[in-house]
Each structure stands twice: as C-alpha cells, then as structure tokens.
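Worksheet: the structure to be examined is printed underneath.
The values are calculated or read from the model by the stated rules, or taken from the named source; none is laboratory data. What you see is a predicted model, and the numbers here were worked out from it, not measured in a lab. When we count neighbours, we look across all protein chains shown, and the Cβ atoms used for this are built from the backbone with ideal geometry, even at glycine.
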Amino acid sequence: MHRIIIEGNNKLSGRVRISGSKNSAVALVPAAVLCDEEVTIANVPNISDIDALDEILNHLGAKVTRDKDVMKIDSSNIKNKLIPEKISKKLRASYYFMGALLGKFKYVQMYFPGGCSIGQRPINLHLKGFEALGATVKEEDNLFTISAEKLTGAKINLDFASVGATINLMLAAVKAEGVTVISNAAKEPHIVNVATFLNNMGAKISGAGTSEIKITGVEHLHSCFHEVVPDYIETGTYMILASVIGENMIIENIIPDHVESLISKLEDVGVPMEIGVDYIKISAPEKLLATNIKTQVYPGFPTDLQQPFATLLTQATGKSIITETIWENRFLNLFELNKMGATTELLTNSKAVIIGPCKLKGKKVKATDLRAGASLVIAGLIADGQTIIENANYILRGYEGIVEKLTKLGAKIKLEKENE
Ligand code: EPZ
C-alpha cells in the first residue's frame, strides 16, 4: 500500500489538465472485446483500474498495446475463459466483461464479489436485464454463469437509473437479434461515450444520454478509433480544490456542461468562476457560504463529488447539510475530517451536517475509498502542518498523476510506499 504526505496551507495556482474519464474508460476497455477486429482508444487515463482491466484482457488472450494514453485492443482471437476471482475482484467495473462476453459469445462465467465501503453494490438490475434478453443466470458462491441459446431484443425498464446496468445491458444487446429498449436508463456522460464507441464499431444505438436508449442488434462490429471523454469527476475535484485554496487555477481540457450542477453549487457558496469553452479558471474567495447538497443521478449533483465537496463545506461559514441518495455508506471521510478539526456529524446514514469554517490541522488519516481519499487530499492541502493519508492506493485508482499534477500547482506532496 502507498501513503500520501502533504505539507498543507500553500496556495495553488497554474494549470491542471484533466485526463480521460475513469468511469468511461473502465467500460470502454471491456466493450472492446465485442469487436471482431482491433480497436484504438485514445485519452485512456493511466490509473491502476486500467492496469487491472489490461490484465483481464491478457488473461482472455486479447492482444493489447499501450503507448502513453493510446490503447490498441485486438480481441479477434480471445478465448472465453473464466476470469480468476483474484483479478475480477480488483475493481467493480470488471462486471462489464459480463455484458461484453455474453454479447459476444452468448456465454460468460465470472466471479462477482458484491459490496465495498460505500455500499452493498448489488447487480440485480444487470442480471434481470440479461434474463430479459433471453439469458439464464446461475450463481453459486459469487460465481455467475450466464448463458443464452440466442439473445433477443427486449424492452427493459430499470427500477433505478443504474450506470452499470445501463452500460452492461447495452453491451449485451448490441449483437442481439432485434430491438432492445432500455427505459429509465442512466444519462451520465460515460453512457454517451460508450454508446458512441459502439456506434463507431458499427452498432446501432440511439438515445444515449436520455432516459430511453434503443439498440438494434447487428451481426458484425468492425475496427474503429475512439477517444475517452474528459473525466467530469476529476474536473469537479480540482474545481473544488481551487475553490478552497486556488489562486487563478485553470482546470483545462474539460467539458463545462458535464459539471453544471457543481458550477451552480459553487456559485451558491460564493465562488467566482471564469468559464471558457474547455476550461474553468477559479480563485478561492475570502469567504465561502454554507449550502445544502443532495446527490442525484446525472445531471443532478454527482455522488462522486459529495465527499470532496464535504471538505469545502468545512471551510464554509454556517451550517450545511449533505443528503446522499445513491449509496448507503458514503460518509466515512467525515470521521477522518473530524480528526483534522472539522465539525461534522452524521444525522442518519444518508444525511450529514457540517458546521464551518473550521481550521484544519494536519493529521494521520485513512482513505476508505477513492473519493473519500480525494476529500482527504483536499483537506491536507488546506490544513496547517503535515497530513499523512494511508491507503492512498484507493486514490491512485481514479486520479491519474495526482501527485505530479498537484506538485505542478505548487503543492508540497509526495507518495511513499507504506512499509518505508
Ligand atoms: C458507477 O457505479 C460508478 N462506478 C460509481 O463511481 C458512481 O458512484 C455510480 O456509478 C453512480 O454514479 C463506475 O462507473 C465504475 P449504479 P455503479 O449502478 O454503476 C443501485 C467512483 O467513485 N443498484 O448507478 O455501480 C446501487 O446499489 C465510483 O468512481 C442496484 O440496486 O452505480 C446504488 O444504490 C464509486 N442494483 C445505485 O443503484 C443494481 O443492479 C447506483 O448504482 C445496480 C445498482
């Protein structure tokens, strides 16, 4: 495991370039196996989640080359082998191989561990959708066997606008016979990015980005070039950081529309922003105002930005309430922030109150998940003294080059192996 060490309370300024979206890239890479020829994906973030997916592709016998942010994947000779549990449990997004391998071979066997620190993370909506397409699903000790004589287009209504289920069902349906309609589909930017990738290969998908996606099955998917969309959660994380300790910080290579809900919240708390076509320039104001946030599916306030935003709210004057509606256990960062001097309290497991402003002091704290880790990095950067963030591997899963990017902005930050 690694830890991140920060000497806090230094103004950050300059430019930070946003990388390709983790939550898009971790779906695009498994989706590539649907293609019968080589595909090229550019702007792939260099993060450990991609390394884990690369390992799965190699296990299946795909030919993979990575050159900086460009990944070439040739699945023309892959074998539909069981993916060992020790590899598939490295990341949740391994479940996209269920939809992709089912869509390609009409058969897939995979381990799928539920649960992590933010919640149970069931996959019932994915499985129900596979069954609607004609597959049978068997599960024994977390080993799922999903098979179909034939995959036939179907009308699938999602009880919840699940990102994972929406993408997984698109993958399973692209080569099914006939038309599939997914209603109450998720609308996150990565859904559109994956649908565009599949269409570039020759799939017939319309409506991605709306709550109704139509997929007309095709026989063959051909080679194509595709680009990962900029990461709107990384974008938001740096915008929040700039709002508490930035001085003319420019966050570039972004799509401002994708962070509209955050922009509106930052306006509410009194952050002036210069919004360009593909950048946002922010300086931290003298005073931040308290506000309330409630996480929603896209385009509402993203659950993945709730934890970084909580750190900002410790610096805002007044009482703020966070309501988390997506995950049942996504406040573990608050206990760590309190160790640093924040005043936060859990009212229920979905509602927390934060009173500010509080001076934060550097402490030894623990990252419990990826975005909790981001919340602690921001806290360490504004705190007086040294902060040590343990279990920093969580952070490296989703923020490409975070230590280099923050150092370039003027942060005093370093990464160390924990047993050093
Ligand atoms: C994706 O997770 C993201 N992960 C999560 O980001 C993100 O928090 C989430 O979408 C919501 O935006 C990736 O894209 C790899 P969901 P996913 O299916 O697909 C319930 C990060 O920090 N649900 O939209 O797993 C589920 O329990 C990560 O980058 C079911 O009940 O999220 C949750 O309450 C964390 N049954 C809600 O839906 C299902 O079959 C949202 O889940 C599936 C989901």
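Could you grab me the full set of residues in segment 33-84 that are surrounded by fewer than 18 Cβ atoms within 10 Å (Cβ to Cβ), on the phi > 0 side of the Ramachandran plot and either under 22 Å from the mean Cα position of the chain (by Cα) or charged (D, E, K, R) (or both)? The one that is surrounded by fewer than 18 Cβ atoms within 10 Å (Cβ to Cβ), on the phi > 0 side of the Ramachandran plot and either under 22 Å from the mean Cα position of the chain (by Cα) or charged (D, E, K, R) (or both): Lys68.
Summed over segment 140-155, the residues that are in contact with a helix residue (DSSP H, G or I) (Cβ under 6 Å, 6 or more places away or on another chain) and over 20 Å from Thr216 (Cβ atoms) give a count of 1. Within segment 265-297, being within 21 Å of Ser21 (Cβ to Cβ) and of a type outside the set (A, V, I, L, M) holds for Lys265, Gly276, Asp278, Tyr279, Thr295, Gln296. Out of (1) among the hydroxyl-bearing types (Ser, Thr, Tyr); (2) free of Cβ contacts under 8 Å to residues at least 40 places away in the same chain; (3) under 28 Å from Asn43 (Cα atoms); (4) touching a Pro at 6+ places or on another chain (Cβ under 8 Å), what's the single condition that is false for Tyr111? Of (1) among the hydroxyl-bearing types (Ser, Thr, Tyr); (2) free of Cβ contacts under 8 Å to residues at least 40 places away in the same chain; (3) under 28 Å from Asn43 (Cα atoms); (4) touching a Pro at 6+ places or on another chain (Cβ under 8 Å), only one is false for Tyr111: (3). Residues in segment 117-169 that are away from the ligand (no atom under 12 Å from the Cβ) and small (Gly, Ala, Ser): Ala132, Gly134, Ala135, Ser147, Ala148, Gly153, Ala154. Just checking, does segment 92-115 include any residue being over 26 Å from Ala176 (Cβ atoms), crowded, with 16+ Cβ neighbours inside 10 Å and within 19 Å of the chain's Cα centre (by Cα)? Checked segment 92-115: no residue is over 26 Å from Ala176 (Cβ atoms), crowded, with 16+ Cβ neighbours inside 10 Å and within 19 Å of the chain's Cα centre (by Cα).
Please verify whether Thr65 is at pLDDT 95 or above, under 23 Å from Asp278 (Cβ atoms) and away from the ligand (no atom under 16 Å from the Cβ), treating the condition exactly as stated. For Thr65, the condition - at pLDDT 95 or above, under 23 Å from Asp278 (Cβ atoms) and away from the ligand (no atom under 16 Å from the Cβ) - is not met. Counting only strands (runs of 3 or more DSSP E) that fall entirely inside segment 171-217 and contain at least 3 residues that are in the same structural domain as Glu131 (by TED's automatic domain parsing) and in contact (Cβ under 8 Å) with a residue 24 or more places away in the chain, the qualifying elements are 179-183, 212-216. Of the candidates His190, His226, His222, the single residue that is within 22 Å of the chain's Cα centre (by Cα) and away from the ligand (no atom under 16 Å from the Cβ) is His226.
Tyr238 falls short on exactly one of the conditions (1) within 14 Å of the ligand (Cβ to nearest atom); (2) surrounded by 24 or more Cβ atoms within 10 Å (Cβ to Cβ), and that condition is (1). In segment 237-270, the qualifying residues are those that are charged (D, E, K, R) and not in a helix (DSSP H, G or I), and the one that is nearest to Glu188 (Cα to Cα) is Glu252.
Note on segment 1-30: residues that are among the charged types (D, E, K, R) and assigned to a strand (DSSP E or B) amount to 4.
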